[in-house]
Amino acid sequence: MALSYKARKRWSLVVLLVVMPAYVVVAVTFMNWLDATYGRQPILLEVLIYLVLGIAWALPFRRVFLGVGKADPDAPEDGDAGNGSGSR
């Protein structure tokens, strides 16, 4: 099922405003648990873990963000309508 442009735009906002902060809390909690359980990890291992966690959140949502920053492909092309020139 393909999402419309409007649906992708709305879902991308939900992901960025709700899912992303929740994921950050989970990632930091995981790192704190790792530190409390096994002690401080070597700095390169910590950097590697943070890099993996930083990329892993985006992989399931890449289809949602696809083309969101571009113009709406479903919008009708009215020539000069909505060009922002300010003339009325």
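Details
- Pair-distance distribution P(r) for the chain, from all Cα-Cα distances in 10 Å bins starting at 0: 14, 30, 23, 17, 10, 5, 1 percent.
- The chain - percent relative contact order, Cα under 8 Å, separation 6 or more: 57 percent
- Under a model in which nothing but the beta-carbon of Lys, Arg (+1) and Asp, Glu (-1) is charged, the chain shows a dipole of about 140 debye around its Cα centre.
- Alpha-carbon Debye profile of the stretch 21-65, log10 I(q)/I(0) at 0.18, 0.32 Å⁻¹: -0.58, -1.17
- Which of 74, 35 has the fewest Cβ neighbours within 10 Å, and the rest in rising order: 74, 35
Values in this text are rule-based calculations from the coordinates and carry no lab data. None of the values given here were measured: they were computed from a predicted structure. Reconstructed Cβ throughout: ideal geometry from the backbone, glycine too, with neighbour counts over all protein chains shown.
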